[in-house]
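Beneath this line is the structure, given in structure tokens, with notes to follow.
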Amino acid sequence: MTASGRPPNQLLQMLDAADFELLRPHLVTIELARATVLSEADVALRHVYFPHDGAVSITVGPSEGQTIEVAMIGRDSIVAGGAALADGIALSDAVALFPGTASAVEISAFRNAAAASARFRGLVIRHEQALFARAQQSLLCNTLHPVEARLACWLLRAHDLSNKKGLPLTQDTLAQMMGVRRNAVSLVAHELQRAGIIRYSRGQIEITDLCALEATSCDCCSAVRAHHARLLRLPP
């Protein structure tokens, strides 16, 4: 819990007292081990999740055995909020990428809170718009920008969510999330390490020069942050 007495999720922190009280009795804190499945595409949802820390990868699978990440979310987001307010069927897979904790709420309680408060519904809708904007930017980035800039942007997002310089990641995971070949990630990671921007060993990537990593990334990072702040009406 934070000083406010609420879980450390940005959207829960944004709710006024009356709206938070609609959810508070139904929030259950759960552990998110790495690879915990929070939702599966085309499967009925049971819970909505408010991550506290760690990171959750939202992925789609164009074919069996293949997935690509469309968004990485965490304490600034909700998992499955939009689908819960629609037909309750997940549109994508959501899997814990980094370990952490989250507040889980049963879909019926989430829907009841949304039905009782237009302000809460509006926040969920704005969040879904921000998530859609993030997915659009990801498509643009994957199409137009080189792997080096994309990898730097991805690592910056992971750092924003984890607030840690060390990230438990393999090059295989990075390649899968970015939809590129492993050797492409390996070459770029090697160059970033040579430049003193990151340090990596088996299963661990450490950011050693955050400013240089930001300079290496494309402008998609700042664009996504701006969309998120505008849509959720965050202070500048």
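The values are calculated or read from the model by the stated rules, or taken from the named source; none is laboratory data. Note that the structure is a prediction, hence the values are computed from the model and not measured. Every residue, glycine as well, gets a Cβ built from its backbone with ideal geometry; the counts of neighbours run over all protein chains shown. These accessible areas exclude ligands, DNA and RNA; they are computed on the full protein's heavy atoms, side chains included. Shrake-Rupley method; radii C 1.70, N 1.55, O 1.52, S 1.80 Å.
Is at least one residue of region 3-10 within 16 Å of the chain's Cα centre (by Cα), surrounded by 15 or more Cβ atoms within 10 Å (Cβ to Cβ) and assigned to a helix (DSSP H, G or I)? Break it down stepwise before answering.
Pass one, region 3-10, residues within 16 Å of the chain's Cα centre (by Cα): 8-10.
When the remaining residues are screened for being surrounded by 15 or more Cβ atoms within 10 Å (Cβ to Cβ), the result is 8-10.
Narrowing further to those that are assigned to a helix (DSSP H, G or I): 10.
Checking region 3-10: at least one residue is within 16 Å of the chain's Cα centre (by Cα), surrounded by 15 or more Cβ atoms within 10 Å (Cβ to Cβ) and assigned to a helix (DSSP H, G or I).
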Members of region 11-35 found to be open to solvent by less than 60 Å² (accessible area, probe 1.4 Å), under 30 Å from Leu169 (Cβ atoms) and part of a helix (DSSP H, G or I), listed by number:
Leu11, Leu12
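Which of the residues spanning region 80-113 are closer than 23 Å to Asn142 by Cα and either among the β-branched types (Val, Ile, Thr) or in a strand (DSSP E or B) (or both)?
Asp93, Ala94, Val95, Ala96, Leu97, Phe98
Just checking, which of Asp42, Asp53 is open to solvent by 30 Å² or more (accessible area, probe 1.4 Å) and touching a Gly at 6+ places or on another chain (Cβ under 8 Å)?
Within the list Asp42, Asp53, the selection yields Asp53.
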For region 146-172, which residues satisfy the criterion of being surrounded by fewer than 17 Cβ atoms within 10 Å (Cβ to Cβ) and not in a helix (DSSP H, G or I)?
Pro146, Asn163, Lys164, Lys165, Gly166, Pro168, Thr170
I'm trying to understand the selection: among the residues of region 67-114, which are more than 9 Å from the chain's Cα centre (by Cα), open to solvent by 30 Å² or more (accessible area, probe 1.4 Å) and within 25 Å of Ala229 (Cβ to Cβ)?
Val70, Leu85, Leu91
Among (1) under 20 Å from Ala80 (Cα atoms); (2) buried (at least 21 other Cβ atoms within 10 Å of the Cβ), there is one condition Ala133 misses while meeting the rest; what is its number?
(2)
